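S.K.: Structure below; questions to follow.
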Amino acid sequence: MAIERTFSIIKPDAVSKNLIGAIYNRFETAGLRIVAAKMLHMTREQAMGFYAEHEGKPFYEGLVKFMTSGPVMVQVLEGEDAIRRNREIMGVTNPKEALAGTLRACYADSIDRNAVHGSDAPASAAREIAYFFTDSEICPRA
Ligand code: RTP
Ligand code: MG
């Protein structure tokens, strides 16, 4: 399996609950390396563009409001099978259905405030990484 990159967000609810370190620990324990990271407070335009695939859906406006409600941590994770591995660590979208021990089962309040984002496919990972990071901001490890 080739080394892959995925894009991750620690959402405003989890940042506000002081869970950055706990979540980073889970990534690193699972063998994912953090090769780029920053904290930012998304503008409405940034959040709308990031979630453009969901425009028109009933939850879109609430999602944009939530994602701009406070600072987030954005990061690039690198490792074998990183996209799928990160989605496994996160658990499914709705924390009520997420497997025990996953980030969403442990830390999410609801489907609308669900602690983390992770890219769902190679094409979205590439788009999302480029949305927040330039090439020179990414530091691959040996
Ligand atoms: P994410 O993009 O945030 O990693 O989450 P995901 O892939 O698991 O879910 P996605 O379908 O991409 O939806 C993006 C976010 O929109 C909210 N959502 N609400 N009420 C609903 O039916 C509903 N469906 C999606 C969630 O907060 C989800 O994380
Ligand atoms: Mg998604």
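S.K.: Would you point out which residue out of GLU80, GLU88 is within 20 Å of GLY31 (Cβ to Cβ), within 15 Å of ligand 2 (Cβ to nearest atom) and touching a residue at least 12 places away in the same chain (Cβ under 8 Å)?
M.R.: Residue meeting the stated conditions: GLU88.
S.K.: VAL116 versus (1) more than 11 Å from ligand 1 (Cβ to nearest atom); (2) under 15 Å from the mean Cα position of the chain (by Cα): which is the lone unmet condition?
M.R.: Here VAL116 clears every test but (1).
S.K.: Which count do you get for residues in the stretch 3-21 that are touching a residue at least 60 places away in the same chain (Cβ under 8 Å) and farther than 16 Å from VAL76 by Cβ? Let's see the steps before the verdict.
M.R.: So in the stretch 3-21, the residues touching a residue at least 60 places away in the same chain (Cβ under 8 Å) come out as 3-14, 17, 19.
Imposing the further condition that a residue be farther than 16 Å from VAL76 by Cβ reduces the set to 11-14, 17, 19.
Going through the stretch 3-21 one residue at a time, the tally reaches 6.
S.K.: In the set ALA126, ALA115, which member is buried (at least 21 other Cβ atoms within 10 Å of the Cβ), within 16 Å of ligand 2 (Cβ to nearest atom) and more than 20 Å from ARG44 (Cβ to Cβ)?
M.R.: It is ALA115.
S.K.: Surrounded by 13 or more Cβ atoms within 10 Å (Cβ to Cβ) and within 20 Å of ASP112 (Cβ to Cβ), is that true of LYS11?
M.R.: Yes, satisfied.
S.K.: Out of THR134, THR102, which single residue is of a type in the set (S, T, N, Q) and either in contact (Cβ under 8 Å) with a residue 12 or more places away in the chain or within 13 Å of ligand 1 (Cβ to nearest atom) (or both)?
M.R.: Numbers: THR134 fails: either in contact (Cβ under 8 Å) with a residue 12 or more places away in the chain or within 13 Å of ligand 1 (Cβ to nearest atom) (or both).
Step by step, each of THR134, THR102 is checked, and only THR102 is of a type in the set (S, T, N, Q) and either in contact (Cβ under 8 Å) with a residue 12 or more places away in the chain or within 13 Å of ligand 1 (Cβ to nearest atom) (or both).
S.K.: Tell me, which residue of the stretch 54-71 that is in contact (Cβ under 8 Å) with a residue 40 or more places away in the chain and within 11 Å of ligand 1 (Cβ to nearest atom) is nearest to the chain's Cα centre (by Cα)?
M.R.: Top of the filtered list is MET67.
S.K.: Condition test on THR134, is it within 15 Å of ligand 2 (Cβ to nearest atom), of a type in the set (Ser, Thr, Tyr) and at pLDDT 95 or above?
M.R.: The answer is no for THR134.
The values are calculated or read from the model by the stated rules, or taken from the named source; none is laboratory data. Here the structure is a predicted model, which is why all the values come from computation and not from measurement. So basically every Cβ, Gly included, is an ideal-geometry build from the backbone, and we count neighbours across all protein chains shown.
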